[in-house]
Amino acid sequence: MKKRPPIITLDGPAGSGKSTTARAVARRLGFRHLDSGALYRALTFALLNSGIKEEEWPDLPKEKLDRFHIWLRPAGPRFEVLLGERVLNDELRTPEVTARVSPLSALPAVREWLLEAQRQAGREGGLVADGRDMGTVVFPEAEVKIYLTADLKERAFRRFLERDEREPSVPELDVESEKIRERDERDSNRVVAPLRKAPGAIEVDTSFLSFQAQVEVIIDHVKTLTER
Ligand code: CDP
């Protein structure tokens, strides 16, 4: 039987550059990129616009979640995230969504509900998937697992620069760091699928690496692990 192309997982805390790195690695390998965080963000966006009160979100049964048709559509080197027929992009990264996505992602019903779409995306391999539980829960069979980290202040700096297109002042950097720290803490301490370095994952600390260098480091690991 012909072996399917590999799956590469990139997990790590907020602002470690997972999505941009995963996209670049996928492009280099001719694989498709899955940004799993976009699915959790899509549900947050859908709920914010649904009229369902936020206090009720923790008790939403699967049948209610099914009302939101959130799905992945292969589109060249990536998967688009759709809500019904609407392709979601910038609306997923608003401060309103970012502030609410982590508590919602901690709900077991939500994680269970989104699991199948992610596994389907990896059915044929040739995937670079980034998130929090790609290597631990969604694709435990992945051939290459990377855990991407960086110093908190560095991550906050990069995140601010990317969003506001300028460098933060010292107080702004402190505020950003605190927001990221809180989200990481929540993602790491939840009961279901917490943020963890998967067994066998290679840790790559990008604090002192240029973007190009971190992509190269990962490509090197992929080559070593898959061309044996
Ligand atoms: O880009 P950033 O790292 O800030 O976030 P993201 O990857 O878009 O993920 C947003 C949030 O979704 C995370 O803080 C997690 O709470 C949740 N998430 C998750 O629980 N599991 C995943 N596989 C991906 C995201």
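The values are calculated or read from the model by the stated rules, or taken from the named source; none is laboratory data. Given the structure is predicted, the values throughout are model-derived calculations rather than measurements. Note: ideal-geometry Cβ built from the backbone for every residue, glycine included; neighbour counts use all protein chains shown. When the accessible area is computed, the model is the full protein with side chains, heavy atoms only, and any ligands, DNA or RNA have been set aside. Shrake-Rupley method; radii C 1.70, N 1.55, O 1.52, S 1.80 Å.
The table below gives the values:
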| read-out | value |
| --- | --- |
| Total residues in the stretch 184-194, condition open to solvent by less than 30 Å² (accessible area, probe 1.4 Å) and in a helix (DSSP H, G or I) | 2 |
| Answer residue from the stretch 122-147, given it is aliphatic (A, V, I, L, M) and within 10 Å of the ligand (Cβ to nearest atom) and is surrounded by the most Cβ atoms within 10 Å (Cβ to Cβ) among those | MET134 |
| Odd one out for ALA14 among (1) part of a loop (DSSP other than H, G, I, E, B); (2) within 13 Å of the ligand (Cβ to nearest atom); (3) over 22 Å from ASP184 (Cβ atoms) | (3) |
| Those residues of the stretch 44-55 which are open to solvent by less than 80 Å² (accessible area, probe 1.4 Å) and either in a helix (DSSP H, G or I) or touching a residue at least 40 places away in the same chain (Cβ under 8 Å) (or both), in sequence order | THR44, PHE45, ALA46, LEU47, LEU48 |
| Matching entry among ARG119, ARG158, ARG181 (being modelled with pLDDT under 95, within 14 Å of the ligand (Cβ to nearest atom) and surrounded by fewer than 21 Cβ atoms within 10 Å (Cβ to Cβ)) | ARG158 |
| Residues (surrounded by fewer than 17 Cβ atoms within 10 Å (Cβ to Cβ) and either assigned to a loop (DSSP other than H, G, I, E, B) or within 14 Å of the chain's Cα centre (by Cα) (or both)) located in the stretch 26-38 | GLY30 |
| Residues located in the stretch 76-99, provided they are open to solvent by less than 30 Å² (accessible area, probe 1.4 Å) and aliphatic (A, V, I, L, M) | VAL81, LEU82, LEU88, LEU92, VAL97 |
| Residue check, GLU80 charged (D, E, K, R), more than 13 Å from the ligand (Cβ to nearest atom), closer than 20 Å to VAL215 by Cα and modelled with pLDDT of 95 or more | no |
| Hits in the stretch 24-47 - residues which are hydrophobic (A, V, I, L, M, F, W, C) and either under 17 Å from ARG73 (Cβ atoms) or in contact with a Ser or Thr (Cβ under 9 Å, 6 or more places away or on another chain) (or both) | ALA26, PHE31, LEU34, ALA38, LEU39, ALA42, LEU43, PHE45, ALA46 |
| VAL101 of a type in the set (A, V, I, L, M) and either out of contact with any Gly (no Cβ under 9 Å at 6 or more places or on another chain) or at positive phi (or both) | no |
| Single match in ARG41, ARG23 (criterion: outside any strand (DSSP E or B), crowded, with 16+ Cβ neighbours inside 10 Å and within 10 Å of the ligand (Cβ to nearest atom)) | ARG41 |
| Hits in the stretch 195-221 (condition: assigned to a helix (DSSP H, G or I), open to solvent by less than 10 Å² (accessible area, probe 1.4 Å) and under 15 Å from ALA142 (Cβ atoms)) | ILE218 |
